[in-house]
Amino acid sequence: QVQLVESGGGLVQPGGSLRLSCAASGRIFSINAMGWYRQAPGKERELVASITSGGNTNYADSVKGRFTISRDNAKNTVYLQMNSLKPEDTAVYYCNGALKATAWDRQYVYWGQGTQVTVSS
């Protein structure tokens, strides 16, 4: 079975940095787009950043210039470097990936379990 596992969350002071990682494992034939979403208490889940298999990126306006998404296709891993963090970045961060388990399967979107990021002094 396919699993996406996030790591790297935690507590950081405003202005600080964190790097999130998300590794996909299991039966994987190919991974197309991967992305990071976040959900703050009482709010809907929102897209933070996404990256295609070719490296094209997309960012939410609220994180442009502060966050950088990247991926290592050989390791089936996507990263989110978060700099200049603000209290409003506090949320549970989820990664997802659109992937195929075999060459004959359709593409499915899988989600990680989430990792908490708290920005507070």
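The values are calculated or read from the model by the stated rules, or taken from the named source; none is laboratory data. Computed from a predicted model, the values in this text were never measured in an experiment. Here the Cβ is made from the backbone with ideal geometry for all residues, glycine too, and neighbour counts use every protein chain on show. These accessible areas exclude ligands, DNA and RNA; they are computed on the full protein's heavy atoms, side chains included. Shrake-Rupley method; radii C 1.70, N 1.55, O 1.52, S 1.80 Å.
Here are a few things to note about the model shown:
- Some residue of segment 53-76 being open to solvent by less than 70 Å² (accessible area, probe 1.4 Å), in contact (Cβ under 8 Å) with a residue 24 or more places away in the chain and within 15 Å of Gly112 (Cα to Cα): yes
- Some residue of segment 22-43 being surrounded by 15 or more Cβ atoms within 10 Å (Cβ to Cβ) and among the charged types (D, E, K, R): yes
- Residues that are open to solvent by 90 Å² or more (accessible area, probe 1.4 Å) and polar (S, T, N, Q), drawn from segment 97-117: Gln113
- Residue in segment 92-109 that is closer than 22 Å to Gly16 by Cα, more than 14 Å from the chain's Cα centre (by Cα) and either assigned to a strand (DSSP E or B) or small (Gly, Ala, Ser) (or both) present: no
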